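What follows is a single structure, written as structure tokens, with notes after it.
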Amino acid sequence: MRILQLHCDYVEFTPVKKEIKSAEDIDPQTKRLEEIVVAFIAVEEGDNSEVAKKAMSEISESMKKIGCKRLLLYPYAHLSSKLASPSMALSVLKEMESNIHDLEIYRAPFGWTKSYNLKVKGHPLAENSKTITAGEEKESTSEALKAESKIQSFWHIMTTDGKLHDVSSFNFSKHENLEVLAKYEAAKKRSVDEPPPHVKLMKKLAIADYEPASDAGNMRFFPNGRLMKSLIERYVTDKVVEYGGLEVETPIMYDSHHPSMESYFHRFPARQYNVNSEGKQLFLRFAACFGQFLMAKDFQMSYKNLPLKLYELTRYSFRREQSGELVGLRRLRAFTMPDCHAMCKDMEQAKQEFRKRFDLSKEVIKGLGLVESDYEMAIRFTEEFYTNNKSLIEELVQKHGKPVLVEMWKERFFYFVLKWEFNYIDNLGKASALSTDQIDVENGERYNIEFIDENNKPQHPIILHNSPSGAIERVLYVLLEKAAKDQKEGQKPMFPLWLAPTQIRIIPVKPEFLDYCNNLADKLTENNIRVDVDDRNESVGKSIRDAETEWIRYILVIGEKEINATMLSVRDRKEKDPRNLTIEQLISEIKEENKGKPFLRMNMNRSVAKRPQIMV
RNA sequence: GCCUCGAUAGCUCAGCCUGGUAGAGCGAACGCCUCGUAAGCGUUAGGCCGCGGGAUCGAAUCCCGCUCGAGGCUCCA
């Protein structure tokens, strides 16, 4: 059975003519009802009296929440494509009608073409749809999800002097990406008809690919991609630990009926993967929050321990995003999310910590190879928070150093009062969030996390939710899109050196120089450089071409000249002409460039000839 | 969820409109060449033309249905 439930100021309907033979015999008068919940209902194949009972208890429960006592059952075939027979449908509807006693109930006639007219109320719970089937649990659409679109937002641009400007009158001429973001967010619309360029690149460079045997949005990562992910993960984790985060690990699935989860679901719109096991209804986490909050609840904390920062890099978090929005690495259903929560004793401490994490996020983004013109900041808050904390918000915008998109909510609907994020604008004008942080004033209580304050009283902490980089897969997407942009502008695309799967390729002019090449590669490897040797029996030209198409930064061609001298001929992707360097000079140049970044060994056979061909 | 497009060799695709022996490039295997900064040459192997039905003497090609995939829209703390 499918139900669309609307809370209305009024509804009017007029039976026009009988649509089927078995239509009810009634007096075709116009009927008007006020202050009423209208339930449009399609009875489907297999629906029975159990379904009727379930449906009525669902409906009356939600009506209790919105404080309405009048109900109209309205037969509405168009909600389903596998309708029950008319006689069955009518009997199920009649059963629903007779099943309820504490509501004033009406039913529109069955089998008639009707004209109708109604006015839906504007509040968050006014609209609701349900699917009810016999036997198994119904799959409900989160009411929060429905309600979200109802929140009233006011959009502005804040300049670094703290002034708010109207989006429509702001001069975006020097801030094109911000304009894209503002339009993208406020209008939530953008039409493009080509795939984003990173999709081709992720395959061509043997980083990642779709896995048709899995669910959409669950990618496979080839050795190159796995290496790059590992490096980014290591880097972000190092940075968070340096900041004071304590790394933990928590389960990836949770009981949907755990009390904290149930209430979180109502508040937090998300489409989760569900897993049934031995009668338990489990869901796959869509954030690290659950695990960390449940863990923090079991800590005994004093105000002296705060702020306490827990960190987890979730491999994976899962969200069952709508199939249509899954494109390449931009948005996935399984993703790796660094997530750092800080429990703070009060708003003052929270604000102080919030500043630190803003700096941390900026630093991490920079380390990943993005410059400030690559991303745009958006900041969102409730009107009340803004009024009381103007200086914090202005300070963040000033630190960002350029105008910021502002979304202000009249009332708090989410669990947070303040949130910012950095958005990357890709080649198709799509915005995706990278770093983000939030001030959460609700979940401390929901999860019953407590600390003892100066007066020996238990208190709930304010919790900050920070991801300094955003999803790791999304970082890859951004790096690829950025490289594609460089390519489009006529520059050679490349990765930051510390992330390049191969940093140096050695190409012998003849096979007899292979031993020399391998010795050279040994020496470079000892110095934490990822180096491989093209030992295929190919022409030098071909080998160089292949190395270039793999975006390899340094190419060393080894022939008689190099073997008989100390200078290497170094082809540097960043330079036009080859340079002559000693091996020591080359090593120290690379070390200097990779300073402060993690190192992992090559994740491919050194011998190019021994590699399988992953992507052309 | 809605709309559009697609599915042919390991990969990228042509052939389809106008029905009549299944094509190319890359890659792979084998051989030749032994090479100095972006593609050296040759030979060979490799196909249930997504699945099911229909009309036809005959279907990769036309029609219908299905499956899977992709892209867009919607949505996105």
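The values are calculated or read from the model by the stated rules, or taken from the named source; none is laboratory data. In this text the structure is predicted, and so the values were computed from the model without any measurement. Here the Cβ is made from the backbone with ideal geometry for all residues, glycine too, and neighbour counts use every protein chain on show. These area figures cover heavy atoms from the full protein model, side chains too; ligands, DNA and RNA do not enter into them. Shrake-Rupley method; radii C 1.70, N 1.55, O 1.52, S 1.80 Å.
Restricting to bridges with both residues inside chain A, how much of the DSSP beta-bridge set is antiparallel, in percent to the nearest 5?
So the antiparallel bridges amount to about 75 percent of the total.
In terms of the Cα gyration tensor, with a ≥ b ≥ c the square roots of its eigenvalues, is chain A rounded because a/c is under 1.5, prolate because a/b exceeds b/c, or oblate?
Taking the square roots of the gyration eigenvalues as a ≥ b ≥ c, chain A is prolate.
Where does helix A:390-400 land angle-wise versus the long Cα axis of chain A, in degrees 0 to 90, nearest 10?
In chain A, helix A:390-400 runs at an angle near 40 degrees to the longest axis.
Could you grab the relative contact order for chain A? Cα pairs under 8 Å, six or more apart, rounded to a whole percent.
That works out to 12 percent.
Which aspartates and glutamates, if any, have their Cα less than 15 Å from the Cα of A:LYS64, not counting same-chain residues under 8 positions apart?
Straight-distance partners of A:LYS64: A:GLU35, A:ASP102, A:GLU104, A:GLU127, A:GLU143.
Among A:460-473, A:495-508, how do they line up by average Cβ neighbours within 10 Å per residue, starting with the highest?
Packing order, densest peptide first, comes out as A:460-473, A:495-508.
Once the whole set of protein chains is in place, how much accessible area is left on A:MET604, using a 1.4 Å probe, in Å² to the nearest 10?
My reading of the accessible area for A:MET604 is about 40 Å².
Mind ranking A:228-236, A:84-92 by how tightly packed they are, going by the mean number of other C-beta atoms within 10 angstrom, highest first?
So the peptides A:228-236, A:84-92, ranked by packing, come out A:228-236, A:84-92.
Rounded if a/c is under 1.5, else prolate if a/b is larger than b/c, else oblate: which is the stretch A:515-564, with a ≥ b ≥ c the root eigenvalues of its Cα gyration tensor?
oblate
Considering only protein heavy atoms and a probe of 1.4 Å, how much of the accessible area of the stretch A:422-500 is carbon and sulfur, as a whole percent?
42
Order of A:435-447, A:579-591 by packing, highest average Cβ count within 10 Å first?
A:435-447, A:579-591
Accessible area of A:ASP546, 1.4 Å probe, to the nearest 10 Å²?
30
Taking the alpha-carbon distance from A:LYS280 and a cut-off under 26 Å, which lysines remain once sequence neighbours fewer than 8 residues away in the same chain are dropped?
Within the straight-line cut-off, A:LYS280 pairs with A:LYS53, A:LYS54, A:LYS130, A:LYS138, A:LYS297.
Based on the Cα gyration tensor of the stretch A:497-610, what are the three equivalent ellipsoid semi-axes, each the root of five times an eigenvalue, rounded to whole Å and given largest first?
Value: 20, 16, 14 Å, ordered largest first.
When the accessible area of the stretch A:504-587 is split by element with a 1.4 Å probe, what percent falls to carbon and sulfur?
C and S atoms contribute 45 percent here.
For chain A, take the longest principal axis of its alpha carbons; what is the angle in degrees between that and the long axis of helix A:472-488, to the nearest 10 within 0 to 90?
60
Give me the 1.4 Å probe accessible area per residue for chain A, excluding ligands and nucleic acids, in Å².
Computed with neighbouring chains in place, this is 47 Å² per residue.
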